[in-house]
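We did not get these values from a lab; they are worked out from the coordinates using the rules stated. Since the structure is predicted, the reported quantities are computational estimates derived from the model, not experimental observations. Positions of Cβ are backbone-derived with ideal geometry, glycine not excepted, and every protein chain shown enters the neighbour counts.
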Amino acid sequence: MGDTFDHLPKALSAVTSFKRSLTVIDPITNPLPMLIFSLLLGLVQVLVGLFVSFVKEWRRRNYASAIMDQLGWFAFLLAIVVYIGSTQFALLKPFALPFLVGTALFLVATRGDRRKILS
């Protein structure tokens, strides 16, 4: 219902102009900024969730799970962001690929440490 105000009668044109003055991103005419914003918001949500889970496991003194599961995934997702950012920032270029490969290898090496694959 994002364009409902655009279809109001002429007598309520003040409401339509007020709505247009509040519009920061128009996803109908230019959807890319809204897509980027949504992806960044989702990434922040996942990273915060992983951090909260890390703190919870750490307080339970379950250090292996905190480091191998939550911290590993947190670092891997951060490495993906750094790798993508290295295309725009030359300062990150020498650091990005080794960070990404290292965190991926860490995840592969530590998965299944505490869990049985087949019951």
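Counting other C-beta atoms within 10 Å, and keeping those with at most 10, which DSSP coil chymotrypsin sites (Phe, Trp or Tyr not before Pro) do you find in region 33-119?
Working: sites: 37, 51, 54, 58, 63, 73, 74, 76, 83, 89, 95, 99, 106; in loops: 89.
Here the chymotrypsin sites (Phe, Trp or Tyr not before Pro) that fit, given the DSSP loop and packing criteria, are 89.
Once R0 is set to 22 Å, what does the formula 1/(1 + (r/R0)^6) return for the Cβ-Cβ distance between residue 39 and residue 89, expressed as a FRET efficiency to the nearest 0.05? Mind showing how you got there, number by number?
Working: r = 18 Å, r/R0 = 0.83.
That pair, residue 39 with residue 89, gives E of 0.75.
By count of other Cβ within 10 Å, fewest leading, how are 84, 67 ordered?
On the way: 84 12, 67 16.
Lowest count first: 84, 67.
Explain nothing, just the number: relative contact order of region 13-110, from Cα pairs under 8 Å at least 6 residues apart, as a whole percent. Let's see the in-between values first.
Working: 55 pairs, mean separation 18.8, N = 98.
In percent, rounded to a whole number, it is 19.
Provide the descending list of Cα extents for the chain along its principal axes, expressed in whole angstroms.
Computed over the chain, the largest-to-smallest principal extents equal 67, 38, 29 Å.
Would you please state which residues of region 76-105 a label at residue 58 would reach in this model, taking the label point 7 Å out along Cα→Cβ and a backbone N cut-off of under 18 Å?
Under cut-off, by backbone N: 76-79.
I'd like to verify something in the chain: which complete DSSP H helices, judged by Cα projection on the helix axis, reach 20 Å or more and average at least 1.0 on the Kyte-Doolittle scale? Let's see the in-between values first.
Values: long enough: 31-59 (42 Å, 1.53); 93-110 (26 Å, 1.58).
Membrane-span-like by this rule: 31-59, 93-110.
Under a point spin-label approximation (7 Å from Cα along Cα-to-Cβ), what is the residue 20-residue 48 distance to one decimal in nm?
3.4
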